[in-house]
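Before any comments, here is the structure.
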Amino acid sequence: MWDYQFKNNSVNTLRGTELGYEDLEERIHIDKFLSLIHPDDIRRFESKWHTYIGINNKNKNWQATFRLKHKDGRWLWYQDAGQIIYHPQTNEPLYVSGIYTNITEQRANEQQAKILGEAFSQINDWLLILDEHLMPFSANNSFIDTFSNGTAAEKMSPKLFIKAMGEKKCEEFTNILKALKPAESWQIDTYVKTTKSNEHPVHINVTAVAKNTKEVNYYVVVISDLTEQKKELKTNYVI
């Protein structure tokens with residue numbers, strides 16, 4: 001819990017220990033608290049805060065996401081929520097009371113996911129992610145452009161792979177992937193049907209990935225275009 005008192009502009013210091021400040025008083029002036037907010041967040045926070053405490057609306061809640069400086073120099077992300085509590089007789093604002101949540105790990109995961117997503121979409125190889133049931137749930141732009149005719153219904157449909165590989169080959173590959181254990185991989189050179197060719201030479205590499213060591217959670221499929229390599233081999237053979 002956190003609170004701010006109007007009468008002396010103070011906030012409690014319950015999250016001080018989490019931030020590495022062991023010797024804080026029970027309450028500190030709001031300015032001392034504001035001095036811990038990240039430079040990129042402080043202007044937005046102060047503007048929002050002064051607007052909030054200046055309004056007279058009992059139904060308006062306080063919400064803010066910002067960074068606070070740890071004693072060791074790190075920045076921790078917090079999400080605060082609260083509400084102004086008024087004097088029942090005079091309707092005078094007494095304090096703001098609410099809760100805070102440390103969302104540092106969540107923000108780090110979001111940032112990592114964003115970076116990976118950007119990298120994922122820009123890789124030239126054709127990348128596909130299958131879930132534990134071998135159903136497609138993500139693919140990069142290169143994959144979609146190469147294997148799909150562009151219709152929304154087909155972009156991530158299992159029928160897309162049956163059309164690309166043929167029903168018999170697709171069934172064989174499915175059985176092989178189902179037998180993979182966590183961290184195991186399988187690869188093969190083969191031909192598939194793409195939007196560019198009915199017999200497109202490719203190298204397929206599949207890795208089974210697990211969040212724990214017992215069960216596969218998803219499969220990472222990397223398909224590399226072998227067209228140029230095949231042309232080079234053919235040229236060398238003719239020479």
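On the beta carbon distance between Q111 and H50, with R0 = 25 Å, the FRET formula returns roughly 0.30. Identify, among Y95, V209, N140, the residue whose Cα sits farthest towards the positive end of the charge dipole of the chain, taking +1 on the Cβ of Lys and Arg and -1 on the Cβ of Asp and Glu, with the dipole about the Cα centre. About the Cα centre, the residue reaching furthest to the positive side is N140. Convex hull volume per residue, computed on the Cα atoms of segment 2-107, equals 100 Å³. Pick the calculated Cα Rg over 2.2 N^0.38 Å for this structure from (1) 1.24; (2) 0.96; (3) 1.61? Computed from these coordinates, Cα Rg over 2.2 N^0.38 Å corresponds to label (3). Between I162 and W75, the modelled labels are 5.1 nm apart [label points 7 Å from Cα along Cα→Cβ].
Measuring how big segment 159-210 is from its alpha-carbon positions, Rg and Dmax come out at 11.8, 34 Å.
We did not get these values from a lab; they are worked out from the coordinates using the rules stated. Predicted model only: the values in this text are computed from it and were never measured. Every residue, glycine among them, receives a Cβ derived from its backbone with ideal geometry; neighbour counts consider all protein chains shown.
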